[in-house]
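We did not get these values from a lab; they are worked out from the coordinates using the rules stated. These numbers come from a predicted model, not from an experiment. Every residue, glycine as well, gets a Cβ built from its backbone with ideal geometry; the counts of neighbours run over all protein chains shown.
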Amino acid sequence: MRSVMAVAAIMAMVSTGLADETDRVKQLEKRVAELEARLAKLEAAVGPVLAKAEAEQRVNMQRAKARQRIKQDAQHYSQAQLKEVESLYQVANRNWKTEEGKASLEKLIGQYDKANRTGCAMLYLGQLSQGDQKVLYLLRAIKDHSDCFYGNGVQVGAYARMHLAWHFQKVGEQAKATALFDEIRQMYPEAIDHKGRALVDLMPK
């Protein structure tokens, strides 16, 4: 009789212990769920801030590269020549969809082939042109002026590839478009557009 009572007592203790353990597990699960919810809210709040900081850092880095490239023009041209380069470019920049603007860009390209602005001019003409002419200008920009930059940090080599890829995609030459998108990802992972957005975020996945 005593042994039966002892067994019953032990079983009761075990049952109580299991119940307590189950309660502790439930409490821990509840605590974990609360912490995960708080973490999710924190990530939602901090995520956009970090993304903005990364975007600003990317833009600043690209603009620093642009300033460095622009300084190289002094190795090839005098101050008077650089002044004319900028003058020709600004004529087109103000009227870039006009014949006057196109003529100014063509003159810039013809006279100052080593200038940073010449790369921008070639890209501009590629954007303005259609069909085979567009392809030729963009290919020339890629081949001869990939290291050129707009002052806002947009790199000609990356942006010309982007425009050419969009063109190929539009006319159904998907393989060529895909190859150019891949080049941008591999060669220009930090490249931006004129709004400061990363080119890699604007391309097909």
Dipole magnitude of the stretch 154-205 about its Cα centre (Cβ charges: Lys, Arg +1; Asp, Glu -1), debye to nearest 20: 120
Pop the C-beta distance of residue 195 and residue 170 into the FRET formula with R0 = 22 Å and round what comes out to the nearest 0.05. 0.55
The stretch 107-197: which trypsin sites (Lys or Arg not before Pro) are DSSP loop and have at most 10 other beta-carbon atoms within 10 angstrom? 195
